[in-house]
Amino acid sequence: DVLAQQASSAVVRRMLMDAEGLEANGRYQAALGLSRSLFPLLLATLSQETYPRMAAAATPALLAAEVTRSFRAGLVACGPLILLVCAAPGLLLRLFYAPEFATAAPVLRWQLFAEWLYIPIWAAVAGWSAQGNLRPVAVVALVAAGSHVLLTSLGVGSLGAIAPAVAHAGSYAVVGLVIAGWRRGLPIADPIGLALHAAGAGVLALGLWLP
């Protein structure tokens with residue numbers, strides 16, 4: 001998973017630099033750095049509490065319950081923070097980096113949208129990984145990395161610095177479809193939580209068009 005992500009990130013950065021230059025790459029890296037300094041760390045912290053229970057789940061039903069618990073925790077922990085950052089992305093980029101990086105606000109909003117889409121994927125993959133079911137974990141990693149590179153290559157010429165972040169969101173949408181179509185399905189037994197997640201995605205999508 002980590003190797004696939006690092007490889008795809010290196011390819012995406014190279015494509016962005018070749019198409020738009022170092023300044024565009026810097027804006028993308030600022031948005032990515034701020035997003036990744038908050039949400040993966042938060043989800044990793046949640047995993048320390050939920051992962052042992054997933055590993056000990058003796059039946060598919062118990063595993064689904066623990067995955068669902070993790071999914072709900074991810075929504076509660078990340079939702080308010082994502083909305084807060086989306087409300088003032090330019091200000092936070094100024095504070096974290098420098099005033100000139102405030103222009104990366106649209107990139108950051110797309111990256112945050114991607115992080116929100118990732119929450120059910122994170123919960124599902126954690127459940128598979130905890131039980132040593134590595135095949136779907138590998139498939140998810142390869143599909144995410146490959147679709148990120150492919151979608152970036154399709155959009156970088158027209159979208160500029162925002163293309164990798166848009167592609168990131170698109171890659172998680174593709175992964176979500178792959179997981180939903182997996183023979184075991186998405187192991188999240190929480191229709192209300194999934195509906196709230198979809199509603200949150202709709203709200204964040206509307207925010208993508210803010211100045």
ask   = Looking at this structure, is Ala195 out of contact with any His (no Cβ under 6 Å at 6 or more places or on another chain), under 14 Å from Ala114 (Cα atoms) and in a helix (DSSP H, G or I)?
value = no
task = Go through segment 12-37 and count every residue that is open to solvent by 50 Å² or more (accessible area, probe 1.4 Å) and closer than 26 Å to Cys78 by Cα.
result = 4
inquiry  = Tell me the residue from Ala61, Ala55, Ala10, Ala65 that is under 30 Å from Ser153 (Cα atoms), assigned to a helix (DSSP H, G or I) and of a type in the set (A, V, I, L, M, F, W, C), please.
reply    = Ala10
task = Please work out which one of (1) open to solvent by 50 Å² or more (accessible area, probe 1.4 Å); (2) over 15 Å from Leu117 (Cα atoms); (3) at pLDDT 85 or above is the condition Ile162 fails and give its number.
result = (1)
key: Only listed residue being over 17 Å from Ile119 (Cα atoms) and either surrounded by 18 or more Cβ atoms within 10 Å (Cβ to Cβ) or out of contact with any Leu (no Cβ under 6 Å at 6 or more places or on another chain) (or both), chosen from Ala64, Ala7   = Ala7
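The values are calculated or read from the model by the stated rules, or taken from the named source; none is laboratory data. Just so we're clear, the structure is a prediction, and the values are computed from it rather than from any experiment. Please note: Cβ atoms are built from the backbone with ideal geometry, for glycine as well, and neighbour counts cover all protein chains shown. Heavy atoms of the whole protein, side chains included, go into the accessibility calculation; ligands, DNA and RNA do not. Shrake-Rupley method; radii C 1.70, N 1.55, O 1.52, S 1.80 Å.
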